[in-house]
């Protein structure tokens with residue numbers, strides 16, 4: 001009687017990979033993820049130097065926009081195509097395209113040529129992260145997957161620190177081996193990419209059960225029509241004007257494209273690029289919405305913090321990269337802790353709730369920093385913000401992968417990346433627009449208040465040439481003059497800019513309250529102890545009429561009960 005009452009721990013199936021095999025495969029996957037993460041950090045650090053050298057600084061936004069558009073749109077395509085044709089060929093294709101795009105970027109002779117090559121590079125980047133996460137979902141059972149989160153976070157942490165350092169080094173060199181320094185920013189991807197190709201091709205040996213499918217080309221086209229104009233206006237709106245004719249044209253075309261996309265997906269059913277039936281699953285729907293909101297707050301905050309460190313605190317891009325180490329440490333420690341607890345207990349719902357709360361608290365505290373705030377205090381706030389990110393990033397991926405049928409693993413994984421990226425684009429554009437709109441008026445106000453201050457008046461008399469320059473008005477596009485003028489004359493500028501940044505952090509905290517409310521709606525589905533590949537084999541075996549063994553039957557029964565009987569943990 002006691003034997004029947006006990007719930008035995010499922011034994012590892014003979015088809016499951018050992019820890020050593022998983023680590024071997026992860027080495028290839030992490031190289032691909034490292035490529036994508038490092039590239040964004042390096043280019044962001046060096047883009048001003050590149051623009052100056054190519055005599056096209058005003059066009060630098062298009063370099064970012066082109067990459068963003070293609071990588072965002074490619075992400076769901078990789079997810080769907082990999083479900084049809086298998087992960088490995090799509091992952092190898094993504095790496096190859098990224099290598100070719102990186103090589104061409106290093107050969108660009110104008111900013112518009114660089115933008116075109118960045119667009120090609122983005123097509124490859126769209127598959128690097130989503131394919132790596134989908135393959136992880138295939139080979140590691142959800143219950144065990146949390147144990148490996150530390151490896152993934154190490155990739156992000158390393159790229160976050162190395163990116164600004166490497167980017168600053170290459171951008172600061174007039175030439176290396178007779179070639180302009182910034183071109184090596186792109187070419188450094190080539191040897192890493194080739195190594196990733198070799199390793200992935202050798203170690204990634206996973207089976208794929210091919211099913212007959214139609215490819216949703218009309219859905220892909222509608223998605224392009226819907227997202228391209230909206231991503232363009234998100235990046236260019238501050239320059240064009242949010243109410244300009246061009247902006248309204250983008251709004252209209254984008255909304256029309258998104259409506260068409262939803263209609264096409266309804267007609268395509270299971271063959272859709274993003275099957276709408278997945279949104280009937282509560283965890284998937286809530287996870288998608290939460291990824292979008294966290295993307296807004298995450299990228300908005302991460303874009304603003306380096307500006308504070310560089311402009312208000314006077315740090316170089318390289319030093320600013322090192323100064324965000326507390327945030328990186330928060331991400332790593334929180335992610336690893338959440339992973340270990342999830343692996344031991346099988347419970348994960350508490351982490352998005354706690355993580356979202358920490359994100360709100362972190363940005364709310366950062367809204368209190370000013371020009372005179374000591375760095376140690378800012379470090380604590382960044383640590384809290386990073387811990388919030390660490391508890392959310394991998395946990396939401398895990399929850400969404402666990403909630404869907406294994407055959408939809410690629411779509412579910414790419415959906416997380418897709419919604420986070422779209423939210424990040426919107427967040428970065430809106431927050432930077434708020435920052436630069438508020439900064440101008442705040443700086444004028446601070447200089448008006450400084451008039452009459454004895455120390456300020458003395459600095460004006462001592463440096464009339466500098467005051468004349470400030471009186472004419474200074475462009476927010478170039479703040480390098482701050483390092484060359486009297487600190488007393490620069491102080492009102494720094495205070496005005498930091499006040500504008502406080503507004504950004506306040507708005508960010510308010511937006512992330514939505515993420516916290518969504519996390520309370522997230523239901524906890526028991527984590528499967530069967531990997532995606534094992535579940536797919538069991539499903540294929542059942543479809544062929546074969547009788548699975550007792551262990552396979554128990555795994556399959558557990559998987560099904562996990563999907564149809566969600567429950568709240570709190």
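Before moving on, here are some points about what is shown:
- Spin-label model distance (nm) - residue 333 vs residue 441, 7 Å beyond Cα toward Cβ: 4.0 nm
- Our estimate of slack between residue 277 and residue 198, defined as 0.36 nm per intervening residue step minus the Cα-Cα distance, is 24.7 nm.
- A Förster radius of 22 Å, combined with the Cβ-Cβ distance separating residue 270 from residue 85, puts the computed FRET efficiency at roughly 0.85.
- Peptides 419-427, 243-251 ordered by average Cβ neighbours within 10 Å, highest first: 419-427, 243-251
- Packing, taken as the mean count of other beta carbons within 10 Å per residue, orders the peptides 437-446, 396-405, 222-231, 170-179 from highest to lowest as 396-405, 222-231, 437-446, 170-179.
- Neighbour counting of Cβ atoms within 10 Å sorts the residues 274, 114, fewest neighbours leading, into 274, 114.
- Principal axis dimensions, the range 217-272 - Cα atoms, whole angstrom, descending: 41, 15, 11
- FRET efficiency, residue 244 to residue 224 (Cβ-Cβ, R0 22 Å, nearest 0.05): 0.45
- Remark: 502, 486, 83 ranked as 486, 502, 83, counting other beta-carbon atoms within 10 Å and listing the fewest first.
- Exposure proxy ranking, count of Cβ atoms within 10 Å, fewest first, for 190, 430: 190, 430
- Estimated at 0.36 nm per residue, the fully extended path between residue 340 and residue 448 surpasses their Cα-Cα distance by 33.4 nm.
- Site pair residue 18 and residue 158 shows an inter-label distance of 2.4 nm when each label is modelled 7 Å from Cα along Cα→Cβ.
- With a Förster radius of 51 Å applied to the C-beta separation of residue 463 and residue 506, the computed FRET efficiency comes to 0.90.
- Additional length obtainable on full extension of the chain from residue 256 to residue 217, 0.36 nm per residue less Cα span: 12.3 nm
Readers should treat all values here as calculations from the given coordinates under stated rules, not as data from a laboratory. Just so it is clear, the structure is predicted and the values come from calculations on it, not from any experiment. Don't worry about glycine lacking a Cβ; one is built from the backbone with ideal geometry, like all the others, and counts go over all protein chains shown.
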